[in-house]
Amino acid sequence: MINSLSDKPLPERGGHSTRAHDVKQSALIRRARARRTIDLTAVTAAGLTGSILAVQTGVAGIGPPHLRAWVIAATIAAAAACAWTWLRRSPVRLHVRRREWMDAVDLAPVMVVDDRNVIRHWSRGCEYIYGWSAAEALGRDRGKLLHTQIDEAEQLWPRLKADRRLDNDVSERHRDGRDLAIRQHVELFDQGEGQPAAIVSVTDVTELRRAEAALRLSEARLATAVSIQGIFIYEYDLIADRMIWATQGDERAESTANPGATLNPNLRRTLDQAIAAGRDRTHYDFAFTYADGREGLAEGWARIVRDRNGRAIRLLGTHLDVTERWQREQALRTGEAERRAILLTVPDAMFVCSDRGIIRACSASACRLFGYAEEDLIGRQVSDFIADGRPASAVRRELFRAFGRGAAATSPLRLDVRCESGKVIPVGFVVGTARRDGVRMVVVLGRDLRPAIASEERFHRMNNDLAQVSRLGMMGEMAGALAHELSQPLSAVVNFLGAAELMLSQGDRLQRERLRSTIDRASEQASRAGEIIRRLRAFILRGEADMRAERLADLVREAAALALFNANSFGVRLTYALEHEDRLVLGDRVQIQQVLVNLIRNAADAMAAHPGELRDLTISTRVTSDHLIEVAVRDTGPGIAPEILERLFNPFATTKREGLGFGLAISRRIVEAHGGQLSAINAPDGGAIFRFTLPVMDEEPVG
Amino acid sequence: MSERHVYIVDDDEGLRQSVEVLLDAAGGFTTRAFDSGEAFLDSLVELPAGCVLLDLNMPGLDGLLVLRRLQQSDGRFETILLTGQGDIGIAVEAMKSGAADFIEKPYDNGMLLGALAGGFERIDNREREASAIQVARSNIERLTPRERDVLLGLIDGKANKIIAYELDISPRTVEIYRANLMDKLGVRSVAEAVRIAFTAGIVPVLPG
């Protein structure tokens, strides 16, 4: 459309002044041709004006914004100059046509100010831009009306007087208060009578400036992003061997390349290899050193640009600092290697499980202990390997409870594990938990308890032997002390009685008083011997009694564990029938346990003496009255022989070759000292039952 | 033999009294009791010879220590050790240390009295022996040097002629000396004279 109305080609960027000049020249020619050409001129001017509008609306879609601005400005300037020339120089008055034409031209935003900046002409185009009508604007000071702001060096009139024209940017204000960015083209002309005036053609470039600012901002953002990422971008001239352009300002990015004008030689070699191989793209890693001397690692990508002959001429590349990622990966690799090493060497069986007990990883020792290959263990439930007679769900519940407690558990969880071979081994489990990537992981350590149990048994046996030996030693020592203590009064008794006998034999000279006194003194010494024995018994039985409220059920369980930890207990099946487990008894813990251990051992020994028979040991408790609780220890041994039963609780009554015969005697004394009774009967269906009672402690502890 | 002194050393008062009563009833003993070994040893010098009934188990100095010190300082006492816990080791130790007897408590009265009797017999013997030596020595001291030489020759079983030759005198002179010395010693045979010489200790009992 433009081309059809005007034979002028679209103006190039920066060519506006030439164009304006051409337009002016053609206007002069037209004036010379006078009226004949008026129509043509009018049409041309109208076409130009139309092209202005067209440019303003249609051109907006194409070309860069600043180019658009120039086109518009140039066109407006040309149109304005044309219109003014025509108005002043042409005396022709074709009113109707002129009216229409003026209306059209008036759409161009053009104003005229005099040398005092008073607005003398205000086009309708100005009305559109500024919002002021001609009536409001005419006669007003431009600076005041439009709040014109301009650099000191760009002041209109001094510049205009010097150059007669100027192009610059000013900042003005719309009637509604909006700030406007205005591009103005100003030409000086003489109004006649020596009155200079300026014809000001304005363009609203507010949107343009805003777009430019946005562009600048986004460029700045890109630069920031590049710098944050540690990306270094460069363009390199391979022919001249120099850096054409590179991102700046980031120490990290610059460190990745040679900061100088030429590429790092190592890098250049790598790139040359890629070029020689005919590649257009290449990817490389390279080490570098930070300014502070630290080692770094970067990853680079380059695009090789070739000329028509295939010669590599330019290089576009980016470097990314991957030091941190590399270090993380390194740490991860190290961690993984450590994990493998731990799993290979940890002496206890180790499992890493999900919190639902699914095995994710396991140690070599776990494979050895369980007898399964690693791949047979991974993915299975830990509880699948537990075989202690309970249903799997119960085992799983217990395991999950242990998982929940984690490292807070104070003692290992003891469970029986069924190995691949079918063998069941006791294993102590310790659980720890960890969180990885938000997922809770459970580390389970299992230790084969067999060696520990064996050594514990050995230890207990040794301890028992030792206790036996020391008991014997103590008895020997006590016997010695007792012998000395008793021999003194007994010797005295013998002496006194010997004296009495001698006195009696001297019948004729018998002195009754002397004899009586001698016999009295013998009797005194005999009493003294008795006192020594009483003192000794008191010492043995009550010397260390420490009466406290104790849970009988606990005492029973502990004593049974203690008593059955020896060889004779092998194969004994222990059953508890404990009523009122929470009831407390008042007693000396050690002494009551001594009684229990004694009865339980007797039972186990009695059953061991008859191999092949059933070995059932039952310990039961029941409340017999308001104040007494009865403990019964029942075995399936041969029972008690009738001749023994009578003197069962006397000292030295024993059926055991190595026994001293004191156990039951002492037990009875202990029970009696506690206010209870110890008795024994043979059960009607075989075996012996020993029963003893203890006083119940009231619910409310006294004191 | 006049008085029979018995010293009772025991820390147990009842026992001390019972022994005193017993010995009093038995008669013929003078008793004195000490409640410790130290008390007994302190009074030792003023005590007449006698038997010591010494308890083995005492606080302070025990019986064996008291026995050893007693043996070192004074040989006039016969010690009978009494113990409530006798064993062979202690008994052997006691005998080596010079105990006359070792009795385990409680004991039979007869055993204690018998042990005391044995002790006093040894004391009596020792006293008799001591007086015999005294007599023999005074007799030997009455001999002239020549008579003594002849006696030594006789002890060695030498004939008169050999003695005469060794003393460079005549056999006749030897016979005169021999008659004189037997007269002075109041003996009739050479054997008797030799016994007195031995008792007096002028020649060692064993040759050497």
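Quick note: the coordinates plus some simple rules give every number you see, no bench work behind them. Keep in mind it's a predicted model, so treat the numbers as computed, not measured. All Cβ positions, glycine included, derive from the backbone under ideal geometry; neighbour counts span all protein chains shown.
Brief remarks on what is shown
- R0 of 60 Å, Cβ-Cβ distance residue B:38-residue B:158: FRET efficiency to nearest 0.05: 0.60
- FRET efficiency for the pair residue A:577 and residue A:531, taken as 1/(1 + (r/R0)^6) with r the Cβ-Cβ distance and R0 = 51 Å, rounds to 0.65.
- Here the range A:193-213 is scanned for amide nitrogen atoms under 15 Å from the site 7 Å beyond the Cα of residue A:165 along Cα-to-Cβ, giving A:198-202.
- Between the range A:183-245 and the range A:262-300, the Cα center-to-center distance that results, in Å: 36
- Rel. contact order, % - alpha carbon contacts under 8 angstrom, at least six apart, chain B: 14
- The angle between the Cα long axis of helix B:190-200 and the longest principal axis of the Cα atoms of chain B comes to about 50 degrees, rounded to the nearest 10.
- Chymotrypsin sites (Phe, Trp or Tyr not before Pro) within the range A:547-610, DSSP loop, no more than 10 other Cβ atoms inside 10 Å: A:570
- Rounded if a/c under 1.5, otherwise prolate or oblate - the range A:128-232, Cα gyration tensor axes: prolate
- Among the residues of B:20-32, the average count of other protein chain beta-carbon atoms within 10 Å of the residue beta-carbon is 4.
- Residue-averaged beta-carbon neighbours from other chains (10 angstrom radius) around B:8-16: 4
- Ordered by the count of other Cβ atoms within 10 Å of each Cβ, fewest first, A:405, A:99, B:146, A:601 give A:99, A:405, B:146, A:601.
- Inter-chain Cβ neighbour count for B:98-111, averaged per residue, equals 3 (cutoff 10 Å, partner chain atoms only).
- Taking only alpha carbon atoms, the range B:1-67 gives an Rg to Rh ratio of 0.96, where Rh is the Kirkwood radius.
- Pairwise centroid distance, computed over Cα atoms, of the range A:570-624 with the range B:1-67, Å: 58
- Where labels lie 7 Å past Cα in the beta-carbon direction, separation of residue B:127 and residue A:551 in nm: 8.3
- Label point of residue A:327 set 7 angstrom out along Cα-Cβ; within the range A:276-299, amide nitrogens under 17 Å from it belong to A:287-299.
- On the beta carbon distance between residue A:482 and residue A:646, with R0 = 30 Å, the FRET formula returns roughly 0.65.
- Placing a pseudo-label 7 Å from each Cα along the Cα-to-Cβ vector at residue A:309 and residue B:3 gives an inter-label distance of 15.5 nm.
- Centroid-to-centroid, using Cα positions, the range A:374-451 and the range B:119-168 are 106 Å apart.
- A simple spin-label model places pseudo-atoms 7 Å from Cα toward Cβ; at residue A:458 and residue A:441 they are separated by 3.7 nm.
- For A:102, B:182, A:607, the sequence from fewest to most other C-beta atoms within 10 Å is A:102, B:182, A:607.
- Cα gyration tensor shape for the range B:17-160, rounded if a/c is under 1.5, else prolate or oblate: prolate
- Cβ-based exposure ranking for A:130, A:372, in which fewest neighbours within 10 Å come first: A:372, A:130
- Cleavage-rule hits, trypsin sites (Lys or Arg not before Pro), the range A:262-303, DSSP coil, Cβ neighbours within 10 Å at most 11: A:294
- Summed over qualifying helices (DSSP H, 4 residues or more, each -39500 (n - 2.57)) and divided by its residue number, chain B shows a 222 nm mean residue ellipticity of -18000 deg cm²/dmol.
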